[in-house]
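Trainee: Sharing a structure here in structure tokens format.
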Amino acid sequence: MITDQDIEQAEARVAEMRERGDRLKMANREETADAVRLEVGRLTELKERKAAQAEALKARKVAERPHLAELKKMNAQLSDSAEKVDKARHDAAEALSRLISAVRRHNGSIGAVYDRMKELGLPAGDEVVDLYDSGYGSAGVLRISGTAWTPLPADTLTMYAVTQVMANAFGPKHRDCPKDCVCPGVTRLA
């Protein structure tokens with residue numbers, strides 16, 4: 001879109017070229033005249049394009065006028081739809097935040113139990129923690145009543161949840177798509 005500011009800048013370039021030509025007087029007179037003609041030509045073309053643009057906008061407004069009520073209604077529908085999308089995106093972001101918080105609390109619980117097991121003097125052993133009914137290893141692995149507990153990676157679980165949703169929405173093949181996936185309807189953000 002060509003603006004009045006674009007025209008003003010082009011006019012300023014023409015004036016600057018003319019001033020430069022006046023300052024140079026005889027030196028490089030042909031080159032200066034050519035540069036001024038070039039800038040004047042650019043200005044003229046820009047003004048013609050702006051006039052054509054203004055005519056096209058007038059024609060568009062005339063074409064739209066009989067449909068203004070319907071266009072207003074469609075705009076309201078799209079606005080409502082966009083609000084619902086934004087609310088759903090907000091709710092999804094909150095749900096993912098709750099997932100991350102729950103994972104962090106869970107990992108904090110594992111840490112507290114880990115510390116308590118150390119206080120109780122239960123056997124520690126990285127290589128043999130699986131052999132004990134209860135015990136702990138230096139990587140934060142716990143074993144209580146035969147069940148192994150390890151800290152959970154919040155980022156990985158979050159991405160796993162997103163992947164599950166994507167697979168449900170776009171089909172099971174999407175779950176295994178490479179980073180350069182071009183599945184229909186999928187927009188990669190990064």
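The values are calculated or read from the model by the stated rules, or taken from the named source; none is laboratory data. Just so you know, these numbers come straight off a predicted model, no measurement behind them. Neighbour counts are summed over all protein chains in view; Cβ atoms, including those assigned to glycine, are modelled from backbone coordinates with ideal geometry. Heavy atoms of the whole protein, side chains included, go into the accessibility calculation; ligands, DNA and RNA do not. Shrake-Rupley method; radii C 1.70, N 1.55, O 1.52, S 1.80 Å.
Trainee: Could you work out the local net charge near residue 49, counting Lys and Arg as +1, Asp and Glu as -1, over the other residues with Cβ closer than 12 Å to its Cβ?
Mentor: -1
Trainee: Quick one: length gained pulling residue 33 to residue 90 fully straight, 0.36 nm per residue minus the C-alpha distance?
Mentor: That pair, residue 33 and residue 90, stretches by 14.4 nm at full extension.
Trainee: Length gain on complete extension for the stretch residue 116 to residue 100, per 0.36 nm per residue less the alpha carbon to alpha carbon distance?
Mentor: 3.3 nm
Trainee: Accessible area per residue of the stretch 1-117 at 1.4 Å probe, in Å²?
Mentor: 79 Å²
Trainee: With +1 on the Cβ of every Lys and Arg and -1 on the Cβ of every Asp and Glu, and nothing else charged, how large is the dipole of the stretch 8-90 about its Cα centre, in debye rounded to the nearest 20?
Mentor: Here the size comes out at about 320 debye.
Trainee: Taking H as built 1.01 Å from N, whose amide H comes closer than 5 Å to the amide H of residue 149, not counting residues under 5 places away?
Mentor: 142, 143, 144
Trainee: Got a sec? What order do 106, 67 fall in by accessible area at 1.4 Å, biggest, i.e. largest, first?
Mentor: 67, 106
Trainee: Using a 1.4 angstrom probe on the protein heavy atoms only, could you order 64, 83 from most to least accessible area?
Mentor: Details: 64 65, 83 120 Å².
These residues rank, largest area first, as 83, 64.
Trainee: Can I ask one more? With a 1.4 Å probe and all protein chains kept in place, how much accessible area does residue 2 have, in Å² rounded to the nearest 10?
Mentor: Answer for residue 2: close to 20 Å² accessible.
Trainee: Take residue 3 and residue 144, extend 7 Å from each Cα along the Cα→Cβ direction, and tell me the distance between the two endpoints in nm.
Mentor: A separation of 6.4 nm, rounded to one decimal place.
Trainee: With the Cα gyration tensor of the stretch 35-95 in hand, give its eigenvalues times 5 under a square root as the equivalent ellipsoid semi-axes, listed largest first in whole angstrom.
Mentor: Listed largest to smallest, the semi-axes of the stretch 35-95 are 43, 22, 4 Å.
Trainee: Another question about this same structure. How large is ³J(HN,Hα) for each residue in the stretch 63-75, as worked out from phi by the Karplus curve 6.51 cos²θ - 1.76 cosθ + 1.60 (θ = phi - 60°), to whole Hz, x for Gly and Pro?
Mentor: Values per residue, Gly and Pro as x: 5, 7, 3, x, 10, 4, 5, 5, 4, 5, 5, 4, 4 Hz.
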